[in-house]
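To keep things clear, I will list the structure first and then write my remarks on it.
The values are calculated or read from the model by the stated rules, or taken from the named source; none is laboratory data. The structure presented is a predicted model; accordingly, all values stated were derived computationally and were not measured. A quick note on method: Cβ atoms are made from the backbone with ideal geometry, for glycine too, and the neighbour counts reach across all protein chains shown.
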Amino acid sequence: MWGDLNLSLLPPALHLRPATITDLPFLRALYRTVRDPELALTPWTEAQKQAFSDSQFALQDHHYRKHYPTASFMVVEHLGTAVGRLYLAAPTGQLRLMDIALLPPWRRRGWGAALVRMVLECADRQGRETLLYVEVSNPAYGLYQREGFITGELEGVYVCMRRPPAPTAKRALPVARVDGG
């Protein structure tokens, strides 16, 4: 389904590939880095923090796979090393940016912005609205605003953001396939 992501929009050293079961330890560790700021505020031991993070990762993964069975779960690689994840789904008429995360040493390099722009270019070509949920305190919130997402309703700690397809999007451009084909 996501074979039409235009990988040429990514920095040359970045690559996407489908996540496999062997990626679970990496994905679990990546998830922990995303939760570390809030876990730092707790009085928990390191073992308690890890157990909580592992539990939350398992619940999130189960939720995503149950509610988005056709989603694409991709690992972001830099020169063959896993550095992040990009999860996408395509409910009717929209493209859902379910999750995007990079390991801390790889953040603030413009790679997240490049991934978002690649997703938006795909949505534009397909004439789809792009939807995501993000915490207002997340640094990516500003990126999404700059990329044309409109802030919507608040759902718990998350705000729904939507971006309509660009009206002048060219929908017939050839693109590189995620699977290399």
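Candidates are the residues of segment 8-19 that are surrounded by fewer than 16 Cβ atoms within 10 Å (Cβ to Cβ) and under 15 Å from the mean Cα position of the chain (by Cα); the one that is farthest from Y68 (Cα to Cα) is R17. Of the residues making up segment 77-88, those that are of a type in the set (A, V, I, L, M, F, W, C), surrounded by fewer than 21 Cβ atoms within 10 Å (Cβ to Cβ) and part of a strand (DSSP E or B) number 1. Modelled with pLDDT under 90 and among the charged types (D, E, K, R) - does that describe any residue in segment 153-161? Yes, segment 153-161 contains at least one residue that is modelled with pLDDT under 90 and among the charged types (D, E, K, R). For segment 20-44, a residue qualifies if it is among the aliphatic types (A, V, I, L, M), crowded, with 16+ Cβ neighbours inside 10 Å and closer than 12 Å to V83 by Cα, and the qualifying residues are L27, L30. In segment 126-138, the qualifying residues are those that are assigned to a loop (DSSP other than H, G, I, E, B) and in contact with a Leu (Cβ under 9 Å, 6 or more places away or on another chain), and the one that is surrounded by the fewest Cβ atoms within 10 Å (Cβ to Cβ) is V136. Got at least one residue in segment 63-72 being touching a helix residue (DSSP H, G or I) at 6+ places or on another chain (Cβ under 9 Å), at negative phi and among the β-branched types (V, I, T)? Checked segment 63-72: no residue is touching a helix residue (DSSP H, G or I) at 6+ places or on another chain (Cβ under 9 Å), at negative phi and among the β-branched types (V, I, T). Taking segment 59-114 as the range and being in contact with a His (Cβ under 8 Å, 6 or more places away or on another chain) and of a type in the set (V, I, T) as the test, only V76 passes. Kindly check whether there is at least one residue in segment 141-163 that is in contact with a helix residue (DSSP H, G or I) (Cβ under 7 Å, 6 or more places away or on another chain), buried (at least 20 other Cβ atoms within 10 Å of the Cβ) and more than 30 Å from P25 (Cβ to Cβ). Checked against the condition, which is being in contact with a helix residue (DSSP H, G or I) (Cβ under 7 Å, 6 or more places away or on another chain), buried (at least 20 other Cβ atoms within 10 Å of the Cβ) and more than 30 Å from P25 (Cβ to Cβ), segment 141-163 yields at least one hit.
As for segment 18-34, it holds no residue that is modelled with pLDDT under 95 and not in a helix (DSSP H, G or I). For segment 89-125, a residue qualifies if it is within 15 Å of D23 (Cα to Cα) and part of a strand (DSSP E or B), and the qualifying residues are A101, L102. Across segment 80-120, what is the number of residues that are touching a strand residue (DSSP E or B) at 6+ places or on another chain (Cβ under 8 Å), over 21 Å from R32 (Cα atoms) and charged (D, E, K, R)? The qualifying residues number 1.
If you go through segment 40-58 and keep only what is part of a helix (DSSP H, G or I), farther than 23 Å from V76 by Cβ and among the aliphatic types (A, V, I, L, M), you end up with A47, A51.
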